[in-house]
Amino acid sequence: MSDQVGASILQTVRRKSTAAAFRAEIFVRTMLVGSVSFSVFVTLAIVILLVRETVAFFQFEEVSLGDFLFGLKWSPMMGSQKHFGIWPLVSGTFVVSVVAMVIAIPLGLVTAIYLSEYASPKVRAILKPALEILAGIPTVVYGLFALTFITPILRSMHEGFNPQNLMAAGIAVGILCLPTVSSLCEDALRAVPRSLREAAYGLGGTKFDVSVRVVLPAALSGIISAFLLAIARAVGETMIVALAAGNVARLTVDPRNSAYTMTGYITQMAKGDVSNFGIEYSSMFAVGAALFAITLLLTFIGQLIRKYFRESYE
Amino acid sequence: MKPEPLQPPKFSSFQHRTLAERNRINNWFRYFCVFVASMSVVVLVVLLGSILFRGTSALSWRFLTSNASQDVAQAGIFNAMVGSMLLCLACGAIALPVGVASAVFIEEYKPKNRTLRVFHGWFQLLIANLAGVPSVVYGLLGLIVFVKMFGLFGSLQDPNFEFGVSYSYQILTPEKRALFLPVKEFAEKAPKPEEGMKVRTASGEEVVLHVIGRSEKLPADAPNELRQRTVKANAKFGPYTAKSWYYISLPLGKSVLSGAFTLMLVILPVIIISSQESIRAVPKSLREGAYGLGCTTWQVVRNVTLPAAIPGIMTGAILSMSRAMGEAAPILVVSGAAYVTMLPQNLMDDYTIMPLQIFQWADHHQPGFYDLAASGIIVLLVVLLVFNGVAVYIRQRSQKSLG
């Protein structure tokens, strides 16, 4: 019996000399370093290529850096009267993100507090899958939802809404970001040690006192970084705005209007038949570079906050 | 940051509330929470309900099995479904090994050297940042790197490198049988048929061309072999390109392969992060036991860590594939918005995927096309549901404690 066990062990563990094992070790290590360098390479490639194409964009006569950063007019297709000021695109993105955050942040945070502090296991068993499904639905679905459901409701409530408007796109983006906010916030709230809660209960706090006056401040760094990640997600969201936000470059803060966002402009250019070397083609990359810079900054700050402002209670 | 010492309670209005008042606030807040939290369920139900309501009318067997079309009544989702599957397979085949390998390296090969350790920490930060990059930016990257390949291999219309394609001129005999003249490359002008040219029949047999006058006819008793290789003097050669299923060209162009590579960039960070989490969940004691027996790192990874982490890695992989399946923005950028109505014949062919097809239908902004888009969404969601069901099944089956 024991012989059988010994034989089976010998079969599963291949016997190798130590030297062979070390050779395998070096080989595997090289392969793994190769895979990781791939990610590094991708990051570098994004940065270098976006910079290269953006530089190519600024080589065109019609474009100047000052005009791009401070110009209030974006009209790449207007023949001789081309203007490349990025603010109309930024304003569209801004409006959509603000509307989205007005929806996602309060709802997401309250949902997170409920899930982490109040909800019974039964309620969690319904709520968590619902949120996971919301998070897993492809964005193009939200785009159609914004077009065929949210927009008609908005238009029936108020006549000023365009058939495509920033408000509907923003609401859909907000719904999309809701699970991101709630799950990241919940993680942050759950990471607060139990002893803090027990101390607060011991002092006679109600559940509201404990969760809002003790747990929430303790988890603040995680919550703020969750907000920043959600904003980055809203800024980079593409398919919803491509469908529902409209395609006209307009400097506006009125959510009833239709306007390009930065991502919306990129898809419009990719969709249209712009020549592969023209100024319109290059402008796509300049907008992409700006978008990349904004989202990278938001994610990076979010990570810094989470890393350095975390309250540790160990 | 160090935890601040406990402050003595400040006397604010908060402290002056009676217990009854605070209980009332608590109850009120609880109802508020329930209300807000149930909103997400309501939204989900409304979202799915509105899509189902719109989509079921156009959903039929014909919709599932026919290709896209400009005509609302004829349009189906079959070619988009095949495109999605093809793209996901190609993308997963590349992204999974690279992603899991990266995760293993970051988690299991932590260096002892201090400077290397700093670099190691940077990888982590880098990958978290890569996950936050909008997918449309990856599309722009894919457009330069994969679709055009920096222009190193010529333009899209005239690729420099091709494999698995044959060019020939074809000419028709009076009996409408095709004869082929294989060439390396198409010339500016097609050659003229001449007596004695070596051509091939459709079955690949080499024959010698026989040319007869414009109004001449072969005698009725001419042998079949002669008939087969006889053309009229005014017949014209036309260019004919035969691509095999393994056709490859560089630059990749707007092809399935360039789409798959681009999508790989999008889901790579997702796979790395989820694999890292499942590797981290393997208890340390198992590893230490193996190290104690004198294993090298790779032996530990191969025999201990990976077998224990594989269910988690699989679950994460399937979920990231379902993310890839729903991703439309990068594919929209790399493939343009060509309205494709055919199945892709090889990896270099035009293609469309379900979310992109849905986008194009919705972008028509007409009620009939909205319904089509909704039907497409139902199909897409069912596919995703199957994916996620498999992931949940694997998670349930392999949940054994390693503690």
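Numerical summary
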{"item": "Complete set of residues in the stretch A:228-249 that are assigned to a helix (DSSP H, G or I) and either within 10 Å of the chain's Cα centre (by Cα) or surrounded by fewer than 23 Cβ atoms within 10 Å (Cβ to Cβ) (or both)", "result": "A:L228, A:L229, A:A230, A:I231, A:A232, A:R233, A:A234, A:V235, A:G236"}
{"item": "Filter pass, A:T295 being at the interface with another protein chain (Cβ under 8 Å from one of its Cβ atoms), among the polar types (S, T, N, Q) and without any contact (Cβ under 8 Å) to a residue 12 or more places away in the chain", "result": "no"}
{"item": "Failed criterion for B:L372 (all others in (1) crowded, with 23+ Cβ neighbours inside 10 Å; (2) touching a Pro at 6+ places or on another chain (Cβ under 6 Å) hold)", "result": "(2)"}
{"item": "Conditions (1) crowded, with 23+ Cβ neighbours inside 10 Å; (2) more than 8 Å from every other protein chain (Cβ to nearest Cβ); number of the one not met by B:V118", "result": "(1)"}
{"item": "Near pairs, Cβ below 8 angstrom, 6+ apart or cross-chain, from the stretch A:178-200 (closer than 12 Å to A:E117 by Cα and in contact (Cβ under 8 Å) with a residue 40 or more places away in the chain) to any residue that is part of a helix (DSSP H, G or I) and charged (D, E, K, R)", "result": "A:L189/A:E117"}
{"item": "Every residue from the stretch B:263-286 that is touching a residue at least 60 places away in the same chain (Cβ under 8 Å) and basic (K, R)", "result": "B:R280"}
{"item": "Qualifying residue in the stretch B:365-381 (condition: farther than 23 Å from B:T65 by Cα and part of a helix (DSSP H, G or I))", "result": "no"}
{"item": "Filtered residues of the stretch B:139-150 (kept if in contact with an Asp or Glu (Cβ under 9 Å, 6 or more places away or on another chain) and more than 15 Å from B:P251 (Cβ to Cβ))", "result": "B:L140"}
{"item": "The one condition in (1) among the aliphatic types (A, V, I, L, M); (2) at pLDDT 90 or above; (3) surrounded by 15 or more Cβ atoms within 10 Å (Cβ to Cβ) that A:I153 fails to fulfil", "result": "(3)"}
{"item": "Test: residue in the stretch B:128-136 that is more than 9 Å from every other protein chain (Cβ to nearest Cβ) and modelled with pLDDT under 85", "result": "no"}
{"item": "For A:R155: the one exception among (1) within 10 Å of chain B (Cβ to nearest Cβ); (2) assigned to a helix (DSSP H, G or I)", "result": "(1)"}
{"item": "Unmet requirement for B:I310, which otherwise passes all of (1) part of a helix (DSSP H, G or I); (2) crowded, with 21+ Cβ neighbours inside 10 Å", "result": "(2)"}
{"item": "B:W361, sole failed condition from (1) within 12 Å of chain A (Cβ to nearest Cβ); (2) of a type in the set (A, V, I, L, M, F, W, C); (3) closer than 30 Å to B:L286 by Cβ", "result": "(3)"}
{"item": "Some residue of the stretch B:334-341 being within 12 Å of chain A (Cβ to nearest Cβ) and buried (at least 19 other Cβ atoms within 10 Å of the Cβ)", "result": "yes"}
{"item": "Test: residue in the stretch A:128-141 that is without any contact (Cβ under 8 Å) to a residue 60 or more places away in the chain, under 24 Å from B:L19 (Cβ atoms), surrounded by fewer than 16 Cβ atoms within 10 Å (Cβ to Cβ) and in contact with a helix residue (DSSP H, G or I) (Cβ under 8 Å, 6 or more places away or on another chain)", "result": "no"}
{"item": "A:R194 vs. criteria farther than 30 Å from B:L356 by Cβ and more than 12 Å from chain B (Cβ to nearest Cβ)", "result": "yes"}
{"item": "Residue, farthest from the chain's Cα centre (by Cα), within the stretch B:95-152, restricted to residues that are of a type in the set (S, T, Y) and within 27 Å of A:A293 (Cβ to Cβ)", "result": "B:S102"}
{"item": "Failed condition for B:A93, given (1) hydrophobic (A, V, I, L, M, F, W, C); (2) free of Cβ contacts under 8 Å to residues at least 24 places away in the same chain; (3) within 14 Å of another protein chain (Cβ to nearest Cβ); (4) within 23 Å of B:I318 (Cα to Cα)", "result": "(3)"}
{"item": "Search result, residues across the stretch A:203-227 that are in contact (Cβ under 8 Å) with a residue 60 or more places away in the chain and within 8 Å of another protein chain (Cβ to nearest Cβ)", "result": "A:K207, A:V212"}
{"item": "Residue that is surrounded by the most Cβ atoms within 10 Å (Cβ to Cβ), among those in the stretch B:226-277 that are touching a Phe, Trp or Tyr at 6+ places or on another chain (Cβ under 7 Å) and assigned to a loop (DSSP other than H, G, I, E, B)", "result": "B:L252"}
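The values are calculated or read from the model by the stated rules, or taken from the named source; none is laboratory data. The shown structure was predicted, so the numbers you read here are calculated from the model rather than taken from an experiment. Neighbour counts run over all protein chains shown; Cβ positions are idealised from the backbone, glycine included.
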